[in-house]
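The values are calculated or read from the model by the stated rules, or taken from the named source; none is laboratory data. Computed from a prediction, not measured in an experiment: that's the story for all the values here. Cβ atoms come from the backbone with ideal geometry, glycine included; neighbour counts cover every protein chain shown.
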Amino acid sequence: QLMQHALDVNPTQPYWLKIQADIYFAHNQYSSAMKYYLECGVVATDYFSSPVPLGLYDDQVYRKMIKCCSYLQCHTQVSVLCQFLDEVDYGTAFKALQEKTCYDAMDAYYPCMWDIAILEHLIHLHTKRGEIEKSKAAMKAIGQMDVNCGNPDETLRRAISTRKTKFLRALAKQYIT
């Protein structure tokens, strides 16, 4: 009740939105938790036009978002979010991609991926399953020049930032509206 009153008084206070998300997460209301984690990011960054401050989005929040997406069976979203962690969680990403039931846009998120190992794993999985079009989509994502590991660090940082922004905006569109 107190949290709801705080949000009624100031609905664009990012830290209150984050607390509301944590409350929903603690009560296993994963879709609502995602909504508020994303709203928190949206209001703090003017719809992700700048990086989300570390005080709002850190590894703990990303892990909660990963868990939310996993429970919602949005496994491609899980694998993309695993890249946001300080140390990419390959085990969780690979396991998520192997799930047969998936309720997200799947290959529409491939252009949001920048980790070559995850993309290579995707190509392997799709090829093994005979999913030629999905394999081609993953190959197209891995073939983007800006994610080439031979690029200067600044080029890679810009590529990653662009992909993060695109992905977070797609999530916001899905969970907030």
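Considering only residues in segment 133-166 that are out of contact with any Cys (no Cβ under 9 Å at 6 or more places or on another chain), at pLDDT 85 or above and small (Gly, Ala, Ser), the one that is nearest to Cys82 (Cα to Cα) turns out to be Ser161. Give the residues of segment 33-85 that are surrounded by 17 or more Cβ atoms within 10 Å (Cβ to Cβ), assigned to a helix (DSSP H, G or I) and of a type in the set (Ser, Thr, Tyr), sorted by residue number. Correct list: Tyr36, Tyr37, Thr45, Tyr62, Ser70, Thr76, Ser79.
Looking across segment 91-103, the residues that are within 21 Å of Glu131 (Cβ to Cβ) and in a helix (DSSP H, G or I) come down to Ala93, Phe94, Lys95, Ala96, Leu97. Determine whether segment 88-97 contains at least one residue that is farther than 20 Å from Arg169 by Cα, touching a helix residue (DSSP H, G or I) at 6+ places or on another chain (Cβ under 9 Å) and among the polar types (S, T, N, Q). Taking every residue of segment 88-97 in turn, at least one turns out to be farther than 20 Å from Arg169 by Cα, touching a helix residue (DSSP H, G or I) at 6+ places or on another chain (Cβ under 9 Å) and among the polar types (S, T, N, Q).
Beta carbons closer than 7 Å, at least 6 apart along the sequence or on distinct chains, pair a first residue in segment 135-152 that is among the acidic types (Asp, Glu) with a second that is surrounded by 13 or more Cβ atoms within 10 Å (Cβ to Cβ) and modelled with pLDDT of 85 or more for Asp146/Thr155; Asp146/Ala159. Does at least one position in segment 1-17 carry a residue that is without any contact (Cβ under 8 Å) to a residue 40 or more places away in the chain, surrounded by fewer than 15 Cβ atoms within 10 Å (Cβ to Cβ), hydroxyl-bearing (Ser, Thr, Tyr) and not in a helix (DSSP H, G or I)? Yes, that holds for at least one residue. In this structure, does Glu99 turn out to be in contact with a His (Cβ under 7 Å, 6 or more places away or on another chain), modelled with pLDDT under 95 and either among the acidic types (Asp, Glu) or closer than 30 Å to Val43 by Cβ (or both)? Judged against the criteria, Glu99 is a match.
Can you tell me how many residues within segment 138-177 are outside any helix (DSSP H, G or I) and farther than 29 Å from Lys128 by Cβ? Residues meeting the conditions: 3. Return a yes/no flag: does segment 120-128 have any residue that is surrounded by 14 or more Cβ atoms within 10 Å (Cβ to Cβ), out of contact with any Pro (no Cβ under 9 Å at 6 or more places or on another chain) and closer than 26 Å to Val52 by Cβ. Taking every residue of segment 120-128 in turn, at least one turns out to be surrounded by 14 or more Cβ atoms within 10 Å (Cβ to Cβ), out of contact with any Pro (no Cβ under 9 Å at 6 or more places or on another chain) and closer than 26 Å to Val52 by Cβ.
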